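What follows is a set of notes on a single structure, which appears directly below.
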Amino acid sequence: MPLDFPVVTSTLPNGLRLVVSEDHSVPSVSVTLWVDVGSRHEQPGRTGLAHLFEHLMFQGSELVAEGEHMSLLMAQGGRSNATTSFDRTTYVESVPSGALELALWLEGDRHGHLLPALTQDNLDNQRDVVVEEKRQRYDTVPYGAALEHACRLVFPEDHPYHHTTIGSMADLSAATLEDVHAFFRAHYGPSTTTLVLVGDVTPEQARVLAERHLGHLEDTSEPRPAPSAPLGPLPQPVALDIVGDVPSERLYLCFRLPAVTDPDFLPCAMALDALASLSVSRLYRRLLRHEETVSGVSASVLGLADGASLGLLVLDVSESVDPSVVEAAVHEELVRMGVEGPSEVELEASRADTERSWLEALASFDDRADLLARASVIFGDPQHVNTYLDDVVAVTGEQVRRAAAEWLRPASVATIRFRQVRGVDEDVAAAEVLAASGVAP
Amino acid sequence: MHRPAVLPPRAWAFPEPAEHPLPNGMRLLLVDLPGQHVLSLRVVLALPVSQEVPGTEGATLLMTRALDEGTARHTSEEIAELSERHGIAWGAGAGERGVHLGVEVTARHLGTALDLVTECLTEATFPEAEVARLVRHRLADIAHDQADPGARASLEFIRTYFDPRDRPHQPLGGTRASVAALDPDVLRDRHASLTPAGGAVVLTGDLSACGDVVAAVAATLGSWAGSGGPAEAPAAARRADDAGRVVLVERPGLAQTELYLGRPGPDRRTPHGWGTYQTLGMVLGGSPHARIDQVLREERGYTYGVRAGFRPRATGGLTVAGGSVRADATVPALRELLDILAVPGAELTEPEVRAAADFVSMTAPGRYGTADAVADEIVSLVSDGLEPRVVTATLEQLRGLTAAQVGAAWDEVLAGPGWTVVLVGDPQHAAGLQDLGIGPVSVVTGS
């Protein structure tokens, strides 16, 4: 049975799309502006710019001083943030209903009139902040580079998903103020933006406020790039060994999957659930409970829009177990999933888990706004949030089996092996560690 | 165009739970939240970790996590299957005062969830093989924590700050040595100390389709007798005599240095009012434009973010600040951070205090918009011996809060013992730390 979250959509004369989901259970409104620009829109040599904007958009605009966007809203009980991914950049606020108009005025000013305030000084400062963000999130934590490696291995060099959103620090430091201004003009505008409001607001009020504060935005954006040709599974297996100081040896088995809108995507996601996401999943039962060769196993899917997605199986190898034993066992189970399909329990658990977690996400205004924006832009229909669970229930075991047989074959896997220094070659490793710490051997 | 005026916030109060006594003496706290289709069920039980037998630290947490690893009626795998086929997600945790179990479940599977949680509480058997597996996984988690600069800093902090005679000196989940020593008998002993006395069941979400929930809970969790004696209060958490010092955990070549600063702070019963400290946390380190990041992030570009706040305990608590900074700026960043934190209360301004207090009070409706957020707040309060109406009372206090009141509370923190400073980073920073004049500096190995 479809869910019945209310959804009202319209388009302003300047092309900005508006989606409203009215809910008066608490006196607050969540605002999402989904801009159709992510790392996949970046040009070679200019990576990291989409994410840099997530920072620059808080540095002031024509009528708003540096930092004021956040501080004005905070003083009214508003929370604001932004995130960047492969396909999009989102700007979000959660505000008491009485501050909604202020939030939209602030968004109108920065989405329409950012450039007068985008100076060399705040470009330089936010570049420094991004360098520290990269160090904190990716460079100083174990396995922090996993996603970057996965994208490089799984997607061809000229593919939009070959690089991750944080981008190259060399590209970022090479970017001039003019490059950055040009990026804004090319990608930010009403025709690339979808505004979603969820909460204590009527569709009529929403429309009036959106017209008032975002209706005047002019479009300078370039047409969105033509979709990339769909990719099939990796034509042959690839592997990368990374030796370093990690707390346990870890395997990432990475798969190309179809685009998130492809009918095969959901069966692939459910196959990965059946393999590893749940306690009833076969890899969890076999490797973690019975053979005890791993101390952790999980699966995740990154559903992407442009012709391909990414699927990951992650396994923490138990101490003194040879990772190749684990890898061989995973390959066996991949093959078996492609031949036998999921068990009834795996399938039922995957459906039940998806139902609960989807409803949990929709329970919050913030997440509901994000999912509505994603449904509107990626799936072309905000009602997708109401029908998604029906799509999940409709997936059969046979569809899951076929998806696994096509997309999750050992012959199509990119494997990243994080190896411990001691697991490889004691002498070489000891020399590397001493060299790295600057102590003469 | 002019900036739009902001309309006054609509009236809102934290939902007042309906309270029902259960047959075993536990309180049942119900909050009906129409439209919240996933229910949050929590069981909160008093069981202080300070009662753990020395050498078995971590037993409370592991016992709680092992409750669904086998009962007199079902094996671990059967429980997993029963849960997941009904979309029931489990959570379990331990804190200073006690343990909590939680499940998230859709309304139509609430009955199954209540039966399962009751069965696990009543009949958990702690099978040898499952406990051994959980011990191994917990040891792997500890290794991962040791490798993560942020987690490593907080481990070193408690070891430096808390008196070695007291339980908080050791990690809540235990050390490698204490966890390795855990076996089914230790967990069974911990389980035998569980009692419904002083405990609570919290259930939030859209209850309209659940029938008579009071009867359903009374017949399940309300029938659990437990075997422990009356619940005790947690033991002391004294500051070590030599806590006023600097410890650098060596991590050669680390691109950033993790900073973790702490000194005494209040508990939630503070006469200044808890909202005063929530406001202080925002003013000092609650956003990119708070006092700390305005300088360290926005002016200097040293960091992605350094935060400050307060961690309440049963008695007293901690004032903490921390984050990671560019390695080559370690000493200047720490110096500036200490300067910023030394601001006398009288210098906190009325506008910054008002903005911070308004942020804390006016974000409440949005923060408590979901069943799990409401349940978690109630759990956090009742397990700390406070009533849910404290949320609304705190919000009222915030509306009238002045800079003078906030300044006085901060001055009290500054008048107490000074900072314990932990860094995780390259050992070359040690020399510069000596010059800061904040106590003796020691360097410890990273593992």
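The values are calculated or read from the model by the stated rules, or taken from the named source; none is laboratory data. Values in this document were obtained by computation on a predicted structure and should not be read as measured data. Counting neighbours? That spans all protein chains shown, and the Cβs are built from the backbone with ideal geometry, glycine included. Note: accessible area is taken over every heavy atom of the protein model, side chains too, but ligands, DNA and RNA are not part of it. Shrake-Rupley method; radii C 1.70, N 1.55, O 1.52, S 1.80 Å.
Evaluate the following for B:Val382: is it open to solvent by less than 10 Å² (accessible area, probe 1.4 Å), farther than 21 Å from B:Gly286 by Cα and β-branched (Val, Ile, Thr)?
Details: open to solvent by less than 10 Å² (accessible area, probe 1.4 Å): no; farther than 21 Å from B:Gly286 by Cα: yes; β-branched (Val, Ile, Thr): yes.
It is false that B:Val382 is open to solvent by less than 10 Å² (accessible area, probe 1.4 Å), farther than 21 Å from B:Gly286 by Cα and β-branched (Val, Ile, Thr).
Here are B:Thr276, B:Thr270, B:Thr257: which of them is buried (at least 20 other Cβ atoms within 10 Å of the Cβ) and out of contact with any strand residue (DSSP E or B) (no Cβ under 6 Å at 6 or more places or on another chain)?
Values: B:Thr270 fails: buried (at least 20 other Cβ atoms within 10 Å of the Cβ); B:Thr257 fails: out of contact with any strand residue (DSSP E or B) (no Cβ under 6 Å at 6 or more places or on another chain).
Exactly one residue qualifies, and that residue is B:Thr276.
From the list A:Ala305, A:Ala299, A:Ala276, A:Ala271, which residue is in a loop (DSSP other than H, G, I, E, B) and either open to solvent by less than 10 Å² (accessible area, probe 1.4 Å) or modelled with pLDDT of 95 or more (or both)? Quick ask: steps written out before the conclusion?
Numbers: A:Ala299 fails: in a loop (DSSP other than H, G, I, E, B); A:Ala276 fails: in a loop (DSSP other than H, G, I, E, B); A:Ala271 fails: in a loop (DSSP other than H, G, I, E, B).
Result: A:Ala305 is the single residue among A:Ala305, A:Ala299, A:Ala276, A:Ala271 that is in a loop (DSSP other than H, G, I, E, B) and either open to solvent by less than 10 Å² (accessible area, probe 1.4 Å) or modelled with pLDDT of 95 or more (or both).
Go through the range A:320-332 and give me each residue that's open to solvent by 10 Å² or more (accessible area, probe 1.4 Å) and in contact (Cβ under 8 Å) with a residue 12 or more places away in the chain. Reasoning before the result, please.
Taking the range A:320-332 as the starting set, the residues that turn out to be open to solvent by 10 Å² or more (accessible area, probe 1.4 Å) are A:320-322, A:324-325, A:327-328, A:331-332.
Scanning the range A:320-332 gives A:Val321, A:Val325, A:Glu327, A:His331.
How many residues does the range A:102-121 contain that are more than 30 Å from A:Val198 (Cα to Cα) and either at the interface with chain B (Cβ under 9 Å from one of its Cβ atoms) or out of contact with any helix residue (DSSP H, G or I) (no Cβ under 9 Å at 6 or more places or on another chain) (or both)?
The qualifying residues number 2.
Give just the number: which of (1) of a type outside the set (Ser, Thr, Tyr); (2) part of a helix (DSSP H, G or I); (3) in contact (Cβ under 8 Å) with a residue 24 or more places away in the chain does B:Ala373 not satisfy?
It is condition (3) that B:Ala373 fails.
Looking at the range A:283-302 only, could you name the residues that are more than 12 Å from chain B (Cβ to nearest Cβ) and within 18 Å of A:Glu346 (Cα to Cα)? Give the steps one after another, and end with the answer.
Of the residues in the range A:283-302, the ones more than 12 Å from chain B (Cβ to nearest Cβ) are A:283, A:298-302.
The answer is A:Leu283, A:Ser298, A:Ala299, A:Ser300, A:Val301.
What residue, among those in the range A:338-363 that are of a type in the set (Gly, Ala, Ser) and touching a residue at least 24 places away in the same chain (Cβ under 8 Å), is most open to solvent (accessible area, probe 1.4 Å)? Break it down stepwise before answering.
Quick first cut of the range A:338-363, residues of a type in the set (Gly, Ala, Ser) only: A:338, A:341, A:343, A:349-350, A:352, A:357, A:361, A:363.
Among the residues that remain, those that are also touching a residue at least 24 places away in the same chain (Cβ under 8 Å) are: A:338, A:341, A:343, A:349-350.
Numbers: A:Gly338: 11, A:Gly341: 5, A:Ser343: 48, A:Ala349: 0, A:Ser350: 1 Å².
Top of the filtered list is A:Ser343.
Condition first: at pLDDT below 95 and either more than 20 Å from A:Val325 (Cβ to Cβ) or of a type in the set (Phe, Trp, Tyr) (or both). Now tell me which residues in the range A:239-256 satisfy that.
Within the range A:239-256, A:Gly244, A:Asp245 meet the criteria.
Just checking, does the range A:346-363 include any residue being farther than 23 Å from A:Trp407 by Cβ, more than 9 Å from chain B (Cβ to nearest Cβ) and among the charged types (D, E, K, R)? It would help to see each step written out before you state the result.
Here is the first cut: in the range A:346-363, the residues farther than 23 Å from A:Trp407 by Cβ are A:352, A:355-356, A:359-363.
Filter once more, keeping what is more than 9 Å from chain B (Cβ to nearest Cβ): A:361.
Now drop any that are not among the charged types (D, E, K, R), which leaves none.
Within the range A:346-363, not a single residue is farther than 23 Å from A:Trp407 by Cβ, more than 9 Å from chain B (Cβ to nearest Cβ) and among the charged types (D, E, K, R).
Could you say whether any residue in the range B:351-370 is farther than 16 Å from A:Met70 by Cα, β-branched (Val, Ile, Thr) and surrounded by fewer than 18 Cβ atoms within 10 Å (Cβ to Cβ)?
no
Filter the range A:20-49 for residues that are charged (D, E, K, R) and within 14 Å of another protein chain (Cβ to nearest Cβ); which is least open to solvent (accessible area, probe 1.4 Å)? Step through it out loud before you land on a result.
Keep residues of the range A:20-49 that are charged (D, E, K, R), which gives A:22-23, A:36, A:40, A:42, A:46.
Next, only the ones that are within 14 Å of another protein chain (Cβ to nearest Cβ) stay: A:22-23.
Details: A:Glu22: 67, A:Asp23: 36 Å².
Once the filter is applied, the top-ranked residue is A:Asp23.
Based on this model, can you work out whether B:Ala321 counts as open to solvent by less than 20 Å² (accessible area, probe 1.4 Å) and assigned to a strand (DSSP E or B)? Spell out how you get there, then give the answer.
Numbers: open to solvent by less than 20 Å² (accessible area, probe 1.4 Å): yes; assigned to a strand (DSSP E or B): yes.
The answer is yes for B:Ala321.
In the range B:103-119, which residues are within 14 Å of chain A (Cβ to nearest Cβ) and not hydroxyl-bearing (Ser, Thr, Tyr)? Spell out how you get there, then give the answer.
Residues of the range B:103-119 within 14 Å of chain A (Cβ to nearest Cβ): B:103-110, B:112-113, B:116.
Those that are within 14 Å of chain A (Cβ to nearest Cβ) and not hydroxyl-bearing (Ser, Thr, Tyr): B:Val103, B:Glu104, B:Val105, B:Ala107, B:Arg108, B:His109, B:Leu110, B:Ala113, B:Leu116.
Let me confirm something: among A:Val246, A:Val260, A:Val198, A:Val208, which residue is assigned to a loop (DSSP other than H, G, I, E, B) and within 14 Å of another protein chain (Cβ to nearest Cβ)? Can you show your working first?
On the way: A:Val260 fails: within 14 Å of another protein chain (Cβ to nearest Cβ); A:Val198 fails: assigned to a loop (DSSP other than H, G, I, E, B); A:Val208 fails: assigned to a loop (DSSP other than H, G, I, E, B).
The conditions single out A:Val246.
Yes or no, residue by residue, for (1) in contact with a Pro (Cβ under 8 Å, 6 or more places away or on another chain); (2) buried (at least 21 other Cβ atoms within 10 Å of the Cβ); (3) more than 10 Å from chain B (Cβ to nearest Cβ); (4) part of a strand (DSSP E or B):
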{"position": "A:Glu66", "(1), (2), (3), (4)": "no, no, no, no"}
{"position": "A:Leu72", "(1), (2), (3), (4)": "no, yes, no, no"}
{"position": "A:Asn81", "(1), (2), (3), (4)": "no, no, yes, yes"}
{"position": "A:Val95", "(1), (2), (3), (4)": "no, yes, no, yes"}
{"position": "A:Leu100", "(1), (2), (3), (4)": "no, yes, no, no"}
